[in-house]
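Worksheet: the structure to be examined is printed underneath.
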Amino acid sequence: MAETFKRLNRELMYHGVIVDFYKDTVQVPNGNVVEWDFIGHKGAAAVVPVREDGKLLMVRQYRNALDRETLEIPAGGLNGEEPTKDAAARELEEETGYQSEDLELLITLRTTVAFCNEKIDIYVARNLKKGEQHLDEDEFIHAEAYTVEELCGLILDGKIEDSKTIAAVMSYRTKYC
């Protein structure tokens, strides 16, 4: 017998710039009615920029949620119905100053399936061409290059905790190294 869940109601509690917060009322298989939190996310794209020397470009930036700087792959939210490949190319240029027309999908990631629908398509960018960063007024980002081995060490030492970056680096290592 298949278990059935039935959403009875989804109430918007807060509308934000990046996410919307909802209270869902759901009937579970035994007939009980429960309330669950749901965060609706507009989607995102990220990129693993690979230099000619094989090093990966990372970005160091302040993250308010952690109240500290992090080392991550370049990433950002989608602009409306923008294709994720276009968003990845845009974020590559904005955050690192590099451009690429050689982007290949590496992995699709769902960051926190228990309460959020965020989906991030992560691309690999090769044949990078140097340009200029185009940072927003509130962005202070520094691009840095690392070997895959250095990044894996930072991950295993707990110095990189960002899930999209961990998934991207480990997937890149598995597929290309």
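The values are calculated or read from the model by the stated rules, or taken from the named source; none is laboratory data. These numbers come from a predicted model, not from an experiment. Neighbour counts run over all protein chains shown; Cβ positions are idealised from the backbone, glycine included.
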request  = Given the conditions (1) in the same structural domain as Asp138 (by TED's automatic domain parsing); (2) in contact with a His (Cβ under 7 Å, 6 or more places away or on another chain), report the number of the one that Val19 does not fulfil.
outcome  = (1)
task = Give me a count of the residues in region 147-170 that are small (Gly, Ala, Ser) and either part of a loop (DSSP other than H, G, I, E, B) or farther than 18 Å from Ala44 by Cα (or both).
result = 2
request  = Output the residues belonging to region 140-152 that are without any contact (Cβ under 8 Å) to a residue 40 or more places away in the chain and surrounded by 17 or more Cβ atoms within 10 Å (Cβ to Cβ).
outcome  = Cys152
request  = List every residue pair whose Cβ atoms sit under 6 Å apart, with the two residues 6 or more apart in sequence or on different chains, where the first one lies in region 153-177 and is among the acidic types (Asp, Glu) and surrounded by fewer than 18 Cβ atoms within 10 Å (Cβ to Cβ) and the second, anywhere, is modelled with pLDDT under 95 and in a helix (DSSP H, G or I).
outcome  = none
task = Exactly one condition in (1) under 25 Å from the mean Cα position of the chain (by Cα); (2) at pLDDT 95 or above; (3) assigned to a loop (DSSP other than H, G, I, E, B); (4) within 22 Å of Phe115 (Cβ to Cβ) is not met by Met13; state its number.
result = (3)
note = A careful count of residues in region 112-139 that are surrounded by 14 or more Cβ atoms within 10 Å (Cβ to Cβ) and touching a residue at least 60 places away in the same chain (Cβ under 8 Å) gives 13
remark   = Of the residues in region 42-91, those that are part of a loop (DSSP other than H, G, I, E, B), out of contact with any helix residue (DSSP H, G or I) (no Cβ under 7 Å at 6 or more places or on another chain) and surrounded by 19 or more Cβ atoms within 10 Å (Cβ to Cβ) number 0
